[in-house]
Amino acid sequence: MVIEHRFIPSDNPGKGVWLKNFAAKVPLYKDKYNITDEELADIIQGSFYFSYVVDRHKQVEEFKINWTTFRDELRDGNQQNGITLPLPTLPDFGTPPPAVPNGILKRAALLAQRIKKHPAYVEADGRDLGIVAEKSAFDPQKNKPAFSIRLIEGGHPEIVWRKGNMDGVEIWVKRNTNNKDFVLLAYDQRPNYTDMHPLPEAGSSEVWQYRLIYRYHDKQAGMWSDVASVTVGN
């Protein structure tokens, strides 16, 4: 089975890089694909503005981390107790480029799809513009679930897992009070799964162990996950 990946990256920095390349290359194909001056200006200006916003967001996140660290050290002290550290300064955002209407990536994607449907379209143009989705072979038998466990809803374990291209997972559990081996707990088709099994009596605790295996086309597929444990109690 061959899986086609979307040509626009999923993360914001990646989207910014993709849009910058698209904006730089699309003027070369303006006449061939009947791109208007207004569309061209929108994509180019949108690239500048989106990159500015993404970069400023990174600055804000870094400032937030520095401010939180400063607050915590001011409150609790640090290895240099008694020394007042300088207050973090707000980042310099500079002058923003002219704004564009919301939805710049949607408009760029629609233009890309229009180019790909044009009678004159060739794949070499698409690769130059970055609008050809890469393909990769998908083998369900090579998949191994990776998951984590967190306690929610009054102390019940939540199994946090990723579906990918699989149909779902079987969740198996071993509880130290009554299970000598793993038993099937659930078949989950949508992440995540909360184990609502009754918790131990007040004042006691148990260690519950979990392992997962994917399902694909109505049967087990791939490899068993590693075993993960969690301590539950009231």
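State yes or no: is residue 123 exposed (fewer than 12 other Cβ atoms within 10 Å of the Cβ) and on the phi > 0 side of the Ramachandran plot? No.
Within region 195-220, if we keep just the residues that are under 24 Å from the mean Cα position of the chain (by Cα) and aliphatic (A, V, I, L, M), the residue that is surrounded by the most Cβ atoms within 10 Å (Cβ to Cβ) turns out to be 212. Counting only residues that are at pLDDT below 95, polar (S, T, N, Q) and surrounded by 13 or more Cβ atoms within 10 Å (Cβ to Cβ), region 1-38 holds 1 of them.
Sort out which residues of region 205-228 are farther than 12 Å from residue 147 by Cβ and assigned to a strand (DSSP E or B), and write them in order of number.
Applying the first criterion (farther than 12 Å from residue 147 by Cβ) to region 205-228 yields 205-209, 215-223.
Result: 205, 206, 207, 208, 209, 215, 220, 221.
Looking only at residues of region 63-118 that are at pLDDT below 85 and among the small types (Gly, Ala, Ser), we find that the one that is surrounded by the fewest Cβ atoms within 10 Å (Cβ to Cβ) is 82. The one condition from (1) within 32 Å of the chain's Cα centre (by Cα); (2) farther than 17 Å from residue 149 by Cα that residue 190 does not meet is (2).
The values are calculated or read from the model by the stated rules, or taken from the named source; none is laboratory data. Because the structure is a prediction, the values reported are computed rather than measured. Cβ sites come from the backbone with ideal geometry, for glycine too, and all protein chains shown count toward neighbours.
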